[in-house]
Amino acid sequence: MKALLAIDQGTTSTRAIVFDAEGRKLGVAQRELPQSYPQPGWVEHDAQRIWQDTLTCAREALAAAKLQARQIASLGITNQRETTVIWERASGTPIHPAIVWQDRRTSAFCQQHQERSDWLNARTGLLLDPYFSATKIAWLLDQVPGARARAENGELAFGTIDSWLLWNLTGGRLHATDASNASRTALFNIATQQWDEELLAFFRVPRALLPEVRDCAADYGRTQTALLGGEIAIGGIAGDQQAATIGQACFAPGMIKSTYGTGCFMVLNTGPEFRRSRSRLLSTVAYRLNGQTTYALEGSIFVAGAAVQWLRDAMHLIRAAGETENLAKSIPDTQGVYLVPAFTGLGAPYWDPEARGAIFGLTRDSGIAHIVRAALESVAYQTRDLLQAMAQDAVPPTELRVDGGMVVNDWLTQCLADLLQLPVVRPQTVETTALGAAFLAGLTAGVYDSLDDIAKRWQSQARFVPQMATEKSNAAYEGWRKAVARVRSGA
């Protein structure tokens with residue numbers, strides 16, 4: 001029993017992957033997840049759809065691997081973080097669609113209370129921003145009729161997506177989360193590793209609503225027998241970026257990874273020290289194992305792969321994401337075209353929820369290839385924004401490990417190396433988010449002895465070194481900074 005099942009529930013898709021102990025894929029299943037936009041800046045998911053897709057993918061991945069439940073040593077869960085679900089404990093029915101991490105409906109509250117941001121940061125490592133779960137919870141309790149009273153009476157349960165899936169997998173027997181997901185709610189004190197009573201009072205969130213917090217590798221019960229053809233132990237949970245950090249074996253302080261999915265997230269391991277950022281990055285829990293917390297600095301970009309989705313679904317400039325590489329390669333440069341994808345505001349290091357997207361530098365000669373290439377370059381520019389902020393808080397890294405669906409694009413990965421002026425390393429397994437969840441489950445099940453045991457299994461697939469002259473890279477980046485300045489809400 002060395003096979004491991006990972007559930008990777010993301011913003012735009014749900015996947016399940018069966019891995020062997022060496023991290024090789026044995027079976028994969030995936031479902032796209034639609035998003036709804038009820039009002040400008042609002043983003044929602046159907047939580048029941050997420051659960052049904054998760055169950056379907058898990059069954060199909062097991063079938064693809066030709067394995068049965070009894071042959072799986074453990075199951076790990078990784079998830080889109082901050083996305084908020086509140087459901088009835090008695091029925092398991094959500095009281096409202098899930099509010100997605102990208103949602104900006106609570107911007108006004110955050111702007112009104114910015115004087116509390118430093119106070120919040122000292123406890124949580126976060127900023128007062130609609131991104132995090134706390135204001136989403138408060139909005140639901142205030143806007144759904146009767147919800148606040150029911151929450152105070154213990155009739156309702158809150159969870160990020162991991163907690164929602166765990167509740168369903170265990171048949172409602174376990175309402176829990178892990179320290180990494182808890183650290184993204186803005187209700188969890190990452191120094192004391194406890195739900196913070198002062199934060200609960202400020203956001204008016206009843207304690208009875210919250211899940212128990214456990215280590216990332218821990219006993220999370222077992223799946224109901226009927227769901228997957230037998231019970232499977234659940235042994236690991238981590239938010240998607242923390243799981244990717246584990247999947248990239250970034251276990252030593254100073255190691256850094258960047259994941260390119262719907263958004264882009266850069267995480268720098270800072271070791272056992274809770275280090276507050278001086279450059280508007282987030283301090284967060286990287287992972288907690290055996291009661292010992294490892295911290296990280298994180299930079300969050302709201303739109304990376306989502307820009308490619310926008311090109312495909314809203315603008316109809318491409319039919320499939322795979323077309324972007326050849327289009328980008330078909331021209332020598334964008335001829336000064338910049339796309340700033342601030343569709344739901346700007347994340348780190350700007351934290352400007354009111355900024356909006358724009359394309360600059362269009363001329364009569366501009367075409368589809370210029371806009372597509374500018375969208376891909378925006379991912380590299382935003383990554384450089386994060387890297388420069390991290391260099392102010394810590395020792396600059398010697399290389400960047402990258403993963404996620406976007407980095408299978410060789411042109412984009414080389415573009416990252418050129419515009420960052422830093423070697424970029426792509427691993428053998430780019431599904432490192434799911435792999436990290438499998439590693440955590442394997443730790444609990446005894447498949448792996450230690451983090452060192454896991455690190456031995458990490459392998460590089462390709463290394464991209466800068467080929468662009470530093471002066472040209474810097475000039476291109478300066479054009480990006482000017483474009484960003486023009487979309488800022490104070491411009």
Residue by residue through region 422-433, the couplings from Karplus 6.51 cos²θ - 1.76 cosθ + 1.60 with θ = phi - 60°, in Hz, x for Gly and Pro, are 8, x, 10, 10, 9, x, 4, 10, 7, 7, 6, 5
Scalar couplings 3J(HN,Hα) for region 15-24 by Karplus 6.51 cos²θ - 1.76 cosθ + 1.60 (θ = phi - 60°), nearest whole Hz, x for Gly and Pro, are 10, 9, 9, 9, 10, 8, 5, 8, x, 7
Flagged as over-length at 25 Å C-alpha distance, from K25/K456; K136/K482; K25/K257; K2/K456; K25/K136; K329/K456, the pairs are K136/K482; K25/K136; K329/K456
FRET efficiency (D46, Q428; Cβ distance; R0 30 Å; to 0.05) is 0.30
Non-local residues with an amide H under 5 Å from the amide H of A3, with H modelled 1.01 Å from N and Pro and chain starts lacking one, are A73
Long-range amide H partners of G27, meaning residues 5 or more apart or on another chain whose placed amide H is closer than 5 Å, are V18
Region 145-206 and region 100-119 have their Cα centres apart by a whole-number Å value of 19 Å
By Cβ neighbour count within 10 Å, fewest first, S300, S180 rank S300, S180
Here the net charge surrounding T293, from other residues whose Cβ is less than 11 Å away from its Cβ (Lys, Arg +1; Asp, Glu -1), is -1
Ranked from fewest to most other Cβ atoms within 10 Å of their own Cβ, M406, M266, M255 fall in the order M255, M406, M266
Output ordering of 83-90, 351-358 (per-residue mean of other Cβ within 10 Å, highest first) is 83-90, 351-358
Rh (Kirkwood, all Cα-Cα pairs) for region 21-154, Å, reads 17.6 Å
Region 24-67 scanned against label point 7 Å out from K2 along Cα→C-beta; backbone N under 11 Å for 24
Per the charge dipole of the chain (beta-carbon charges, Lys/Arg positive, Asp/Glu negative, Cα centre), the residue among A243, P341, P353 reaching farthest to the positive end is P341
Expected sort for S163, S117 with the fewest Cβ neighbours (10 Å cutoff) up front is S117, S163
Taking the square root of 5λ for each eigenvalue of the C-alpha gyration tensor of region 3-240, the equivalent ellipsoid has semi-axes, largest first and in whole angstrom, of 31, 18, 17
Per residue convex hull volume, Cα only, the chain, in Å³ is 129 Å³
Packing-ranked peptide list from 28-40, 326-338, highest mean Cβ count within 10 angstrom first, is 326-338, 28-40
Once both label points are put 7 Å beyond Cα along the C-beta direction, the K66-E152 separation in nm becomes 6.0 nm
Of 54-61, 195-202, ordering from highest average Cβ density within 10 Å down gives 54-61, 195-202
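Every number here is computed from the coordinates shown, using simple stated rules; none is lab data. If you're wondering where the values come from, they're calculated on a predicted model, not measured in any experiment. Note: ideal-geometry Cβ built from the backbone for every residue, glycine included; neighbour counts use all protein chains shown.
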